[in-house]
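The block underneath contains the structure these notes are about, expressed in structure tokens.
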Amino acid sequence: MTAKVWLGAAVVFIGLVLTAAPSPSSAVLRRPAASDIHAEYVKYLSGRDTITAYLAYPERPAPAPAVIVIHEIFGMSDFIRQTTEQLAKDGFVAIAPDLLSRRGGTPASPDSARRLIATLNPDTLTLDLDATAAYLRTVKAAQANRLGVIGFCWGGGQSFRYATNNAALRAFVVCYGPGPDAAAIARIKAKGLGVYAENDARIDAGLDGVAAAVRQAGVDYRYTVYPGVGHGFLRAREKPEVADSAWGAVVRFFRAQLGG
């Protein structure tokens, strides 16, 4: 059973529902076959600095909606690359910027990456994400006017924060990340989806505040707290059926908001 909360301008509904697991092809970390997608590294300017990003396209005849992928506190990783590829297989042009590009790129040591992440300026992060969105407008295979964002852990918080700063977003997904303050939440125009874990008291402690803020602001944000899993469960996959169910909900949400 999965606890779900729908939050919007008019109504709040809290209940328990059974969530059906999606097909195995929707699972995060199932590396797509080479014939399904094309993936490559790209570079583009953000101010005077160069951002490196991992870009994946679906193999399809028409342009696809676009999703920006924001990495965890560990920086660019196999998990983020594989998630970007999976989004392409699910029908989106997906791009994951290395937000440590201004610091020379993600280092090999996760501890070093965490220390560098702590030095990043929030306004500079917004500039780099804006530059990523601008780059997508040059990608002919992307419908850049149908733009979403997803982030994990630290990146989940940054996804929530970016939704407060980019009114052109149509959808944002927060995977076990903290929410911004109520004043910032009031600026959100996009619809949002939250993916949280039952065994994640540090993040879940803020959910009541997030719920009150989005309700007060009339922001359309719904979230699910998935049972029996902890922080980072989409990466760790300690319960694969739960991770697959959560990913299926993410894909359905993006398809509903962005098309496909």
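Quick notes on this structure:
- For the chain, the calculated P(r), taken from all Cα-Cα distances in 10 Å bins from zero up to the bin holding the longest distance, is 7, 33, 39, 19, 2, 0 percent.
- Normalised by residue count, the stretch 51-181 yields a Cα convex hull volume of 95 Å³ per residue.
- Three-way shape label, the stretch 75-150, alpha-carbon gyration tensor, a/c 1.5: oblate
- Applying the Kirkwood pairwise sum to the alpha-carbon positions of the stretch 117-248 produces a hydrodynamic radius of 15.3 angstrom.
- Where labels lie 7 Å past Cα in the beta-carbon direction, separation of Glu241 and Asn121 in nm: 5.0
- The charge dipole of the chain, taken about its Cα centre with unit charges on the Cβ atoms of Lys, Arg (+1), Asp and Glu (-1) only, comes to about 500 debye.
- Using a probe of 1.4 angstrom and keeping all protein chains present, the accessible surface of the chain works out to 42 square angstrom per residue.
- Looking at the chain, the DSSP beta bridges with both ends there are about 50 percent antiparallel.
- For the stretch 184-227 and the stretch 112-171, distance of Cα centres in Å: 18
- Dipole magnitude for the stretch 162-260: computed about the Cα centre from +1 point charges on Lys and Arg Cβ and -1 point charges on Asp and Glu Cβ, it is near 440 debye.
- Trypsin sites (Lys or Arg not before Pro) within the stretch 125-226: DSSP coil, no more than 14 neighbouring Cβ in 10 Å: Arg137, Lys140, Arg187, Lys189
- Counting only whole DSSP H helices of the chain, the ones at least 24 Å long by C-alpha along their axis and with mean Kyte-Doolittle hydropathy no lower than -1.0 are 240-258.
- The chain: most fluctuating residue of Ala246, Ala184, Ala205 per GNM, C-alpha cutoff 10 Å: Ala205
- Relative contact order for the stretch 101-260, counting Cα pairs under 8 Å that sit 6 or more residues apart, in percent: 17
The values are calculated or read from the model by the stated rules, or taken from the named source; none is laboratory data. Owing to the predicted nature of the structure, the values given are computational and were not obtained by experimental measurement. Neighbour counts are summed over all protein chains in view; Cβ atoms, including those assigned to glycine, are modelled from backbone coordinates with ideal geometry. Ligands, DNA and RNA are excluded from the accessible area calculation, which covers all protein heavy atoms including side chains. Shrake-Rupley method; radii C 1.70, N 1.55, O 1.52, S 1.80 Å.
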